[in-house]
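Enquirer: Before I ask anything, let me first share the structure, which is written out below as structure tokens.
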Amino acid sequence: MAAETELTPSSYIGHHLTYLTTQVSEGSFWVLHIDTLITSIILGVLSLGSIWLVVRKATAGVPTRTQAFIELAVEFIDKEVKNIFHGDRHALVAPMALTVFVWVLMMNTMDILPIDITAKILENVFGLHNWKIVPTTDINTTFALALSIWFLMLFFNVKVKGLGGWLHELFCTPFGKSPLMWILNLLFNFIEYVSKPLSHSLRLFGNIYAGEVIFLLLGMWAATGVSGTIFGAILGAGWAIFHILVVTLQAFIFMMLTVVYISMAHESH
Amino acid sequence: MNINFTLISQAIAFSVFIWFTVKFVWPPLLRAIEERQKTIADGLAAGERGRHELELASQRSSEVLKEAKQRAAEIVLQAEKRASEIVEEAKKAAKEEGDRIVTAAKADIEHEMFSAKEVLRQHVAELAVAGAAKILRREVDAKAHADLLVAIREDLK
């Protein structure tokens, strides 16, 4: 490898944080992160597809082990949704929560794979350089999810309350109907509507990105010598174990916020 | 770390995945779970119904048993009554039969006594005639003294 001769901390980290891009059209916006997109689609197809394969033959009688496991997960999610959302959850919200949880969990879990080994495999076996395998460390992914949910939230706000009802809510909550409060209410709601997708997406992105950076720092330490390798490996293992919790928790939080935002759109203040 | 076209493509991928889950993953599983819940609920209801019916049946059977016992007691009572009646009747019939036999026997005895008396009277009359003949030392002519003999016989009656 030519890169190995000039390996410095910044080139190492920079190498791992570079996306495989393609220019779709003119302009800086029309760049596509192929690695993010392909990895996330593969993960989504794998996870949801395998669930579908099991569910397709779902029986109402005695379930198989796999079906029982999936039912366990689905019923867990369904119970959480039921507690928060009081409409017909089976039409969209509950399946969406399942999609979000499974997909985000799969994308987050990529973070636990040893970063250098997978990079080497991708380089030497598939010939792919700069392939980032964790789609949720790409802020485009988390924003894509959060914004999709945000638009759904706006859609349900208008659909459930009507455009007038929603505007009324924008102007008259949370401080009351008085015209003096209209500007304040609007400002408050504006902040709320802006902060929702921001916090929703940045929370996930920040946690997973920070996790990856720590793996990178530990990997860098491992390159400094024998003691660095030993401690880097031990701490890396510890961080990976801890990261199992972070990965699951962040996926769960992302799902819960999705459900909360959508159900808030269905309920008047 | 810049926002670019990836966002839009990821949003499209996300909506496709949501559509897939809503359309293909959720409904069959939900159907299976709900069907199983219904089966379990039906089973529990059937069990409850069975228990209720068992209760009713045992109640009914105890009623039937009670009635049967009562009937049996009645029948035994009637049988005892009938038996005592039969005994009474038998006693009465036996008594009547006995009375009849006794009466017949008494009549027989009377008859026997009467004929014996008759024979005896005959003998006495003959003896009287024989005695009188001995006293008179001569034969009493039956023909000559027929009226006498008849008179004696009449006296002995």
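The values are calculated or read from the model by the stated rules, or taken from the named source; none is laboratory data. Here the structure is a predicted model, which is why all the values come from computation and not from measurement. Here the Cβ positions follow ideal geometry from the backbone for every residue, glycine too, while neighbour counts run over all protein chains shown.
Enquirer: Among A:Thr99, A:Thr136, which is within 13 Å of chain B (Cβ to nearest Cβ), β-branched (Val, Ile, Thr) and closer than 16 Å to A:Ile38 by Cα?
Expert: Of the residues listed, the single one that is within 13 Å of chain B (Cβ to nearest Cβ), β-branched (Val, Ile, Thr) and closer than 16 Å to A:Ile38 by Cα is A:Thr136.
Enquirer: For A:Asn185, indicate whether it is touching a Gly at 6+ places or on another chain (Cβ under 9 Å) and either surrounded by 15 or more Cβ atoms within 10 Å (Cβ to Cβ) or polar (S, T, N, Q) (or both).
Expert: yes
Enquirer: Might you check whether a residue that is away from chain B (no Cβ under 14 Å), under 24 Å from the mean Cα position of the chain (by Cα), crowded, with 19+ Cβ neighbours inside 10 Å and of a type in the set (Gly, Ala, Ser) occurs anywhere in region A:145-153?
Expert: No: zero hits.
Enquirer: I've got another one for you. Looking at the structure I just gave you, is B:Val87 more than 7 Å from every other protein chain (Cβ to nearest Cβ) and among the aliphatic types (A, V, I, L, M)?
Expert: yes
Each row is one residue, and each column tells you yes or no for (1) surrounded by 10 or more Cβ atoms within 10 Å (Cβ to Cβ); (2) over 18 Å from A:Val74 (Cβ atoms); (3) more than 7 Å from chain A (Cβ to nearest Cβ).
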| site | (1), (2), (3) |
| --- | --- |
| B:Ile8 | yes, yes, yes |
| B:Phe14 | yes, yes, no |
| B:Phe20 | yes, no, no |
| B:Leu29 | yes, no, no |
| B:Ala32 | yes, no, no |
| B:Gln37 | yes, no, yes |
| B:Ser58 | yes, yes, yes |
| B:Ala72 | yes, yes, yes |
| B:Gln78 | yes, yes, yes |
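Enquirer: Can you tell me which of A:Thr229, A:Thr224 is surrounded by fewer than 17 Cβ atoms within 10 Å (Cβ to Cβ), among the β-branched types (Val, Ile, Thr) and not in a helix (DSSP H, G or I)?
Expert: A:Thr224
Enquirer: Taking region A:232-256, which residues are more than 25 Å from A:Trp150 (Cβ to Cβ) and exposed (fewer than 15 other Cβ atoms within 10 Å of the Cβ)?
Expert: A:Ala233, A:Ile234, A:Ala237, A:Gly238, A:Ile241, A:Phe242, A:Ile244, A:Leu245 - these are the residues of region A:232-256 that are more than 25 Å from A:Trp150 (Cβ to Cβ) and exposed (fewer than 15 other Cβ atoms within 10 Å of the Cβ).
Enquirer: Within region A:165-179, identify whether any single residue is of a type in the set (Val, Ile, Thr), assigned to a helix (DSSP H, G or I) and more than 14 Å from chain B (Cβ to nearest Cβ), and answer yes or no.
Expert: No, region A:165-179 has no match at all.
Enquirer: Failed condition for A:Lys159, given (1) charged (D, E, K, R); (2) more than 11 Å from every other protein chain (Cβ to nearest Cβ); (3) buried (at least 18 other Cβ atoms within 10 Å of the Cβ), with all others met?
Expert: Exception for A:Lys159: condition (3).
Enquirer: Kindly indicate the residue of region A:28-83 that is of a type in the set (A, V, I, L, M, F, W, C) and outside any helix (DSSP H, G or I) and also surrounded by the fewest Cβ atoms within 10 Å (Cβ to Cβ) among those meeting that condition.
Expert: Restricting to residues being of a type in the set (A, V, I, L, M, F, W, C) and outside any helix (DSSP H, G or I), the top hit is A:Val62.
So that you can scan it fast, the table gives a plain yes or no per residue for (1) surrounded by fewer than 18 Cβ atoms within 10 Å (Cβ to Cβ); (2) at pLDDT 90 or above; (3) over 19 Å from A:Met256 (Cβ atoms):
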| site | (1), (2), (3) |
| --- | --- |
| A:Val100 | no, yes, no |
| A:Val104 | no, yes, no |
| A:Val125 | yes, no, yes |
| A:Leu163 | yes, yes, yes |
| A:Met181 | yes, no, yes |
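Enquirer: Got at least one residue in region A:247-269 being in contact with a Ser or Thr (Cβ under 7 Å, 6 or more places away or on another chain), closer than 30 Å to A:Asp88 by Cα and in a loop (DSSP other than H, G, I, E, B)?
Expert: Checking region A:247-269: at least one residue is in contact with a Ser or Thr (Cβ under 7 Å, 6 or more places away or on another chain), closer than 30 Å to A:Asp88 by Cα and in a loop (DSSP other than H, G, I, E, B).
Enquirer: Given (1) polar (S, T, N, Q); (2) within 7 Å of another protein chain (Cβ to nearest Cβ); (3) within 29 Å of A:Ile139 (Cα to Cα), where does A:Ser50 come up short, assuming only one miss?
Expert: Just one mismatch for A:Ser50, condition (2).
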